[in-house]
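Values in this text are rule-based calculations from the coordinates and carry no lab data. In this text the structure is predicted, and so the values were computed from the model without any measurement. With ideal geometry, Cβ positions are generated from the backbone for all residues, glycine too; neighbour counts draw on all protein chains shown.
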Amino acid sequence: MTGTPDRRAADTSEATTAEPAAAGRRRVLLAAPRGYCAGVDRAVIAVEKALEQYGAPIYVRHEIVHNKYVVQTLEKKGAVFVEETEEVPEGEIVIFSAHGVAPTVHEEAQRGKLATIDATCPLVTKVHKEAVRYAKEDYDILLIGHEGHEEVIGTSGEAPDHITLVDGPEDVKNVEVRDPEKVVWLSQTTLSVDETMETVDALQGRYPNLLSPPSDDICYATQNRQTAIKQVAAEADLVLVVGSKNSSNSVRLVETALTHGAKDGHLVDNAEELDETWLEGVETIGLSSGASVPEVLVDGVLEWLAQRGWDEVEIVKPVDEHMQFSLPKELRRDLRSEASGKLRA
Ligand code: SF4
């Protein structure tokens with residue numbers, strides 16, 4: 001675990017539950033895994049390596065990951081974030097974010113003579129491929145996800161005529177399909193595992209022959225962070241999650257904590273957003289961070305809590321995590337090559 005302060009000595013990785021708090025004992029239960037997942041790590045490194053290899057500016061379509069701090073840090077190094085591909089000048093390099101893009105965005109980039117680096121997380125690409133395959137087989141695809149989320153827009157763009165968005169269990173009643181015998185569900189990678197299964201159950205109630213994807217679409221990182229926060233929440237008076245409001249997996253962590261025993265929970269971008277009134281009557285504080293959050297922001301929250309008497313930290317780690325992804329292929333090719341700057345016209 002990088003950047004782990006010494007005071008985080010009590011790693012309870014072998015324990016399934018942390019020790020109960022003595023009366024009046026102030027402690028922090030630090031969930032693990034937390035923070036950066038392999039897809040975010042890869043996307044951020046891709047921007048950094050592209051800046052080193054080709055020089056600034058490097059254009060990035062949408063926030064590379066949903067975290068303000070990460071975006072601002074990359075901007076200072078020369079990354080330019082744009083909303084639409086058309087904003088990128090002809091011949092320049094554009095990186096697509098970890099959330100993935102629709103095929104039409106690749107076509108726009110080609111029309112604009114842009115060099116592209118696709119930092120779509122391989123686990124999102126897997127869902128895109130499933131969508132293409134089921135569309136070819138003429139299934140109606142019920143995509144469980146949040147309306148307007150970039151990942152959902154990208155996946156839907158792979159097969160717009162076959163995909164219907166289902167935004168939670170309450171949306172199931174609105175679903176209409178052509179043939180109830182030929183329906184499959186897929187999902188956004190960063191959803192609540194529990195709520196997604198509720199939605200699937202409700203869909204199965206309407207379509208008993210509903211096909212499931214070959215493996216879970218909700219990614220390992222989302223699942224692991226939810227598993228850890230559930231364990232922490234069972235003992236926490238207050239749960240703090242570090243993450244941005246537009247980060248789906250971070251928002252789900254707060255929701256999961258509140259439905260698994262935490263008495264109170266808040267999502268904060270960094271220590272500056274913490275509020276002392278939340279600490280009233282609190283002994284045990286649970287702490288985690290979303291998959292797009294660098295550890296330095298968690299360290300800031302730990303320092304803030306330590307200054308107020310919560311300086312005892314126990315790590316609660318129900319799952320080990322070792323996933324890594326290689327860099328996007330366009331970048332790997334140029335990093336291996338003697339001649340630098342191949343991508344730029
Ligand atoms: S949260 Fe999961 S799907 Fe999203 S970037 Fe990270 S590993 Fe990939």
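Dividing the Cα radius of gyration by the Kirkwood radius, what Rg/Rh value follows for the chain? Mind dumping the intermediate values first?
On the way: Rg = 21.5 Å, Rh = 21.4 Å.
Using Cα coordinates only, the ratio equals 1.00.
Among the GluC sites (Glu not before Pro) in region 34-98, those placed in a DSSP loop whose Cβ has at most 12 other Cβ atoms within 10 Å are GLU83, GLU84, GLU90. Using a 7 Å offset from Cα along Cα-Cβ at GLU276, what residues in region 283-317 end up with backbone N under 11 Å from the label point? Answer for region 283-317: 308. In the structure displayed, which of LYS68/LYS263; LYS129/LYS173; LYS68/LYS129; LYS136/LYS182; LYS126/LYS173; LYS230/LYS317 lie more than 18 Å apart, Cα to Cα? Pairs exceeding 18 Å: LYS68/LYS263; LYS129/LYS173; LYS68/LYS129; LYS126/LYS173.
Name the trypsin sites (Lys or Arg not before Pro) in region 74-149 that are in a loop by DSSP and that have at most 12 other C-beta atoms within 10 Å, would you?
Working: sites: LYS76, LYS77, ARG111, LYS113, LYS126, LYS129, ARG133, LYS136; in loops: LYS113.
Answer by residue number: LYS113.
Ranked by the mean number of other Cβ atoms within 10 Å per residue, highest first, peptides 298-305, 101-108 order as 298-305, 101-108. Computed from the Cα positions only, the extents of region 147-205 along the three principal axes stand at 29, 27, 16 Å, in decreasing order. Which of TRP185, LEU327, GLN231 sits farthest toward the positive end of the charge dipole of the chain, with +1 on the Cβ of Lys and Arg and -1 on the Cβ of Asp and Glu? Looking along the dipole axis, the top candidate is LEU327. Residue ranges 182-191, 215-224, 267-276, 235-244 sort as 235-244, 182-191, 215-224, 267-276 when ordered by packing (mean number of other C-beta atoms within 10 Å per residue, highest first).
Taking Cα centre as origin and charging only the Cβ of basic (Lys, Arg, +1) and acidic (Asp, Glu, -1) residues, the dipole magnitude of the chain rounds to 1000 debye. This model, with +1 at the C-beta of Lys and Arg and -1 at the C-beta of Asp and Glu, gives region 124-206 a dipole about its Cα centre of some 340 debye.
With a 10 Å Cβ neighbour count serving as the proxy for reagent exposure, in which order, fewest first, do ILE229, ILE58, ILE163 appear?
Details: ILE229 30, ILE58 26, ILE163 22.
The most exposed by this proxy come first: ILE163, ILE58, ILE229.
Treating r as the C-beta distance of HIS146 and GLN223 and R0 as 25 Å, the FRET efficiency rounds to 0.90.
Give the residues of region 100-127 whose amide nitrogen is closer than 20 Å to a point set 7 Å from the Cα of ARG332 in the direction of its Cβ. Taking a point 7 Å out along Cα→Cβ of ARG332, the residues of region 100-127 whose backbone N falls under 20 Å are 100-101, 116-127.
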